[in-house]
Amino acid sequence: MLDIKVVREDPAAVATALKRKGYQFPVEQFLELDARRKQADIRAQGLLADRKSASKKIGELVGQGRSVEDAKAEVAELLEKIGHDINAATDEARQAQEALESMLLATPNTPSAQVPAGDSEEDNQEVLTWGVPKSFDFKPLDHVDIGELSGQIDAATAGKITGSRFTVMSGAIARMHRALVQFMVNEHTAVHGYTEVYVPYIVNRESLIGTSQLPKFEEDLFRLQGDQDYYLIPTAEVPVTNFARDRIFEDQELGDSGIRFVAHTPCFRSEAGSYGRDTRGLIRQHQFEKVELVQLVRPSQSDEALESLTAHAEHILQALELPYRKVILCGGDLGFGAQLTYDLEVWLPGQDAYREISSCSNYGAYQARRMRARWRNPATGKPEPLHTINGSGLAVGRTLVAILENYQEAGGDVAVPEVLRPYMQGLERIISGQ
């Protein structure tokens, strides 16, 4: 959520910044609601003073020789009217405040000054490339064809069990999927110092509001039926970041470089309206798995934390020797709550293109304000919003896709990357047809 004080100071500047995301901030509506709230508050305060004066009159009348009962009766009608007016003014202030909060919950984060101008992913700017896409002496297959040759990726059975955009994996491919999870989590904990956490896969509405999935992305979520307002998680970002909700961290709790968590979870996304080539195979599924990285840091460490988290995701790609590129998202492609995002795009020979495999974002204080997640600044002794950073380290299914396509051999066999072999009982090759 944006800082309402900042919006009040210069709503036009906020609107100008949000235009870079393609969002029209309703300045006039904001100013009208804020004026209503302020006027109602002033009116309520004035009425409280009037009530205090009226109450004092009872004492004055008693001092003039009137009985307490007579004195109270004389001012009772006035006190009743003042009380009614106080309730009305308080109600109006509350309604205006709730409307302001609803407006801000539906307002995206302002982009960082580093974010390039642009309307779509075509305007994202390449920061670097790593590795050289392999040249094949045969026409490379995509992962769906490789999986069908081995019989270990089965959309038909998943469709029978559940429906479209689900997949059954088996044999060595299922083993590689599991190996990737273990490898990624081990690297992030042992090498990069993240604390592994296991979290619920079901969250309440407040958790989704806190990380800005709600109210904006309601239609993309799987909501559970029942008497509890529960949802399946769209990403581990939601439960893990909410560790900080309604908390004030003492400065020493943040250590030298903030708090780092890593979690492996399934993710569930309806992704209403998505269609096209990505609905075939493992690229865009309703159920998939990720290893998620989350950092909670002081505001002064925010930019550095995004760079480090992105580098940690890159480390996995480099260890697997998968060619990729890093891009900074333009304003029009930047996520709702993010102020700055790097996408890592892995090379997929089957598509002859780079495709996103990780999105690493700095949310600044945006999520922290929604969650009331704070740290105590030792310089002032006062609580201030934390900054939150998160990203995939990596999306497991898409990493599996990248390995199948980049490590394929003529005939459909797939070599197992060197670093994964210890996690696969020494297996060196996935044999087509076995």
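The values are calculated or read from the model by the stated rules, or taken from the named source; none is laboratory data. For clarity, every value in this text was computed on a predicted model and none was experimentally measured. Neighbour counts are summed over all protein chains in view; Cβ atoms, including those assigned to glycine, are modelled from backbone coordinates with ideal geometry. Heavy atoms of the whole protein, side chains included, go into the accessibility calculation; ligands, DNA and RNA do not. Shrake-Rupley method; radii C 1.70, N 1.55, O 1.52, S 1.80 Å.
Build a GNM of the chain with springs between Cα atoms under 10 Å apart, and of 39, 318, 367 the one that fluctuates most is 39.
If you average 1/r over every pair of different alpha-carbon atoms in the range 368-407 and take one over that average, what Kirkwood value in Å do you get? Could you put the intermediate results ahead of the total?
Values: mean 1/r = 0.0750 Å⁻¹.
For the range 368-407, inverting the mean 1/r across all distinct Cα pairs yields 13.3 Å.
Picking from 344, 419, 239, whose Cα lies most toward the positive end of the charge dipole for the chain (charges on Cβ: Lys, Arg +1; Asp, Glu -1)? So the residue we want is 239.
Once all protein chains are placed together, residue 34 keeps about 20 Å² accessible to a 1.4 angstrom probe.
Can you flag which of 21/326; 5/382; 57/81; 52/382 are past 25 Å Cα-Cα? If you can, show how the numbers build up before the last one.
Numbers: 21/326 20 Å; 5/382 17 Å; 57/81 16 Å; 52/382 34 Å.
Over 25 Å apart, Cα to Cα: 52/382.
Taking the Cα centroid of the range 324-403 and of the range 105-167, what is the distance between the two, rounded to the nearest whole Å? Centre-to-centre distance over Cα atoms comes out at 16 Å. Taking the charge dipole of the chain about its Cα centre, with +1 at Lys and Arg Cβ atoms and -1 at Asp and Glu Cβ atoms, the residue from 45, 297, 31 reaching farthest to the positive side is 45. Calculated translational diffusion coefficient of the range 120-247 (20 °C, 1.002 mPa s; Stokes-Einstein with Kirkwood radius over alpha-carbon pairs) equals 113 µm²/s.
Taking the Cα centre of the chain as the origin, how large is its charge dipole in debye, to the nearest 20, when only Lys and Arg (+1) and Asp and Glu (-1) carry charge on their Cβ atoms? Before the final figure, lay out the partial values.
Working: 47 positive and 63 negative charges, 169 e Å.
In total the dipole reaches around 820 debye.
Note down the magnitude of the dipole of the range 366-434 about its Cα centre, charges +1 on Lys and Arg C-beta and -1 on Asp and Glu C-beta and zero elsewhere, to the nearest 20 debye. Numbers along the way, then the final one.
On the way: 9 positive and 6 negative charges, 203 e Å.
Charge dipole, the range 366-434, about its Cα centre: 980 debye, nearest 20.
For the chain, what does the relative contact order come out to in percent, with C-alpha contacts under 8 Å and a separation of six or more?
Working: 822 pairs, mean separation 86.0, N = 434.
Computed value for the chain: 20 percent relative contact order.
Each Lys or Arg adds one and each Asp or Glu takes one away; over the other residues whose Cβ falls under 11 Å from the Cβ of residue 394, this sums to -3.
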